[in-house]
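Worksheet for the structure shown next.
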Amino acid sequence: MFLIVGLGNPGKFYKNNRHNIGFKIIDAINQKFGLSKQKPKFKGLLTTGNIADKKIYAIKPLTFMN
């Protein structure tokens, strides 16, 4: 089992900020490996799925970093 946490700040204002690269990585992983639709859980957006027979949890926290 793996947990991948993509750090960043939520909201449109921060969407293309360089500090949100963690959010973009989570989105790329979700798209490439077809993980589940993002669901609100644990104060973030959680996706789950399998990559090479390993259970994957990927989350984008919806709390601000600073």
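None of the figures in this text is laboratory data; all of them are computed from the coordinates on show. Since this is a predicted model, take the numbers as computed values, not measurements. With ideal geometry, Cβ positions are generated from the backbone for all residues, glycine too; neighbour counts draw on all protein chains shown.
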Of all DSSP beta bridges with both partners in the chain, the antiparallel percent, nearest 5, is 75 percent
Expressed as a rounded percentage, what relative contact order does the chain have, with Cα pairs under 8 Å and six or more residues apart? 43 percent
Where Rh is the Kirkwood radius over the Cα pairs of the chain, the temperature 25 °C and the viscosity 0.890 mPa s, what D in µm²/s does Stokes-Einstein return? 205 µm²/s
How large is ³J(HN,Hα) for each residue in segment 53-66, as worked out from phi by the Karplus curve 6.51 cos²θ - 1.76 cosθ + 1.60 (θ = phi - 60°), to whole Hz, x for Gly and Pro? 6, 10, 6, 10, 10, 10, 9, 10, x, 9, 9, 7, 6, 10
Net charge dipole size for the chain [Lys, Arg +1 and Asp, Glu -1 on Cβ; Debye, nearest 20]: 160 debye
If amide hydrogens are placed 1.01 Å from N in the peptide plane, which non-local residues have theirs closer than 5 Å to the one on I4? Y57, A58, I59
Less than 19 Å apart at the alpha-carbon level, and either on another chain or at least 8 residues along: which lysines does that give for K39? K12, K15, K24, K55, K60
Helix 21-33 against the longest principal axis of the chain: what's the angle in degrees, Cα atoms only, rounded to the nearest 10? 30 degrees
